[in-house]
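First comes the structure, then the notes that go with it.
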Amino acid sequence: MSYRTLISTEILQQHLDDPAWVLVDCRFALDDPARGERAYEQGHIPGALYAHLERDLTGMIIPGKTGRHPLPPVEHLVERFSAWGIAATVQVVAYDDSGGSMAARLWWLLRWLGHEAVAVLDGGWPCWRAEGRPFRRGREWRSPRRFVPHLRSELVASVEDVMAALSDPHIRLIDSRSPERYRGEREPIDPVAGHIPGAICAPYLENLDARGRFRPAAELRRRFERILGDVPPSRAIFYCGSGVTAAHNLLALAHAGLGDARLYAGSWSEWITDPARPIEQSGNVKALGP
């Protein structure tokens, strides 16, 4: 049996010594890029490797062209996944300390390259520690395996796809950021505030309950059915600030049993690099430039 969306702490602990499982710690903080790695070295789930968002799971940033966390080249990911011991028969489990918002990036990247046996630890590191489960300090390594990609290009939306969606009522654009950032009232990261015209606000944090765990699948299904309306998931495009936390919504969508939608990987931080692209703030549509 493989796990493809979420996994519980109880089930994970039963497989800590399983050589066919690879565990990856994805803790990361945008305001302190080294903090997650420091936290990993101070304590992590036994056997876990560390994946740094910007070193391991992000491609080269080109100022004025890409977003803040562009997709890595496929060959870069193949090298990383092979070094981490991920092969076709391996179950991967990713976790973080932020409700799955960083771990979902690794979940999505593996699925993009055709690896289905990947799940996010529900509740993550905080839940693991609160339950008194074991941990280790320092760093860990795995014996390498050969990762063979099977690219699923249908999971990605380009900026051209998003531009086309602006005039297509049969495609749903979904913004995964907070309502304040969506409305353009507050923008703590990117130089321009607002959202892509026509996008619906669906904050990824609303996938979680008060304990920081994912809501039940049936509840998530009702949420996304309301958001999608009569648009099938395959014609929905999700984005966020830089293509990271939008994967959390895609994970929740899959866990709800609704299948796959597309990720606009460049997201808002790429969209605003071209002043000719329109933006919307509090109901007003305008171009970025003069």
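The values are calculated or read from the model by the stated rules, or taken from the named source; none is laboratory data. Just so it is clear, the structure is predicted and the values come from calculations on it, not from any experiment. Note that each Cβ is placed from the backbone with ideal geometry, even for glycine, and that neighbours are counted across all protein chains shown.
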**Report entry** Only listed residue being within 19 Å of Y40 (Cβ to Cβ), buried (at least 22 other Cβ atoms within 10 Å of the Cβ) and small (G, A, S), chosen from G100, G138
**Finding:** G100
Query raised in the report: Can we say H115 is under 19 Å from the mean Cα position of the chain (by Cα), surrounded by fewer than 19 Cβ atoms within 10 Å (Cβ to Cβ) and either of a type in the set (S, T, Y) or at pLDDT 95 or above (or both)?
Result: no
Query - Residue check for L166: closer than 23 Å to F224 by Cβ, surrounded by fewer than 17 Cβ atoms within 10 Å (Cβ to Cβ), touching a Gly at 6+ places or on another chain (Cβ under 7 Å) and touching a residue at least 60 places away in the same chain (Cβ under 8 Å) - result: yes
Report task. Would you please list the contacts, defined by Cβ atoms under 8 Å and residues six or more apart or on different chains, that run from a residue in region 228-241 that is on the phi > 0 side of the Ramachandran plot to a residue that is modelled with pLDDT of 95 or more? Result -> G229/R172
Query raised in the report: Based on what the data block shows, is P203 surrounded by fewer than 17 Cβ atoms within 10 Å (Cβ to Cβ) and either in contact with a Gly (Cβ under 7 Å, 6 or more places away or on another chain) or at negative phi (or both)?
Result: no
Query raised in the report: Does region 103-112 include one or more residues that are at pLDDT 95 or above, buried (at least 17 other Cβ atoms within 10 Å of the Cβ) and either farther than 17 Å from L250 by Cα or of a type in the set (K, R) (or both)?
Result: yes
Report summary line: So the helices (runs of 4 or more DSSP H) completely within region 191-290 holding 3 or more residues that are over 17 Å from the mean Cα position of the chain (by Cα) and not acidic (D, E) are 217-228
Requested in this report: Would you mind telling me which numbered condition in (1) modelled with pLDDT of 95 or more; (2) within 21 Å of A29 (Cβ to Cβ) R186 fails?
Outcome: (1)
Report task. Looking only at region 98-119, decide whether some residue is touching a helix residue (DSSP H, G or I) at 6+ places or on another chain (Cβ under 6 Å), among the charged types (D, E, K, R) and in a loop (DSSP other than H, G, I, E, B). Result -> no
Report summary line: Checked A88, A20, A39, A34 against criteria (over 18 Å from the mean Cα position of the chain (by Cα), surrounded by fewer than 22 Cβ atoms within 10 Å (Cβ to Cβ), more than 30 Å from E131 (Cβ to Cβ) and of a type in the set (A, V, I, L, M, F, W, C)); the one match is A88
Query - Test for W128: is it crowded, with 22+ Cβ neighbours inside 10 Å, touching a residue at least 40 places away in the same chain (Cβ under 8 Å) and not in a loop (DSSP other than H, G, I, E, B) - result: no
Query raised in the report: Here is a list of conditions, (1) over 27 Å from G241 (Cβ atoms); (2) touching a Lys or Arg at 6+ places or on another chain (Cβ under 6 Å), and M1 meets all of them except one; can you say which number that is?
Result: (2)
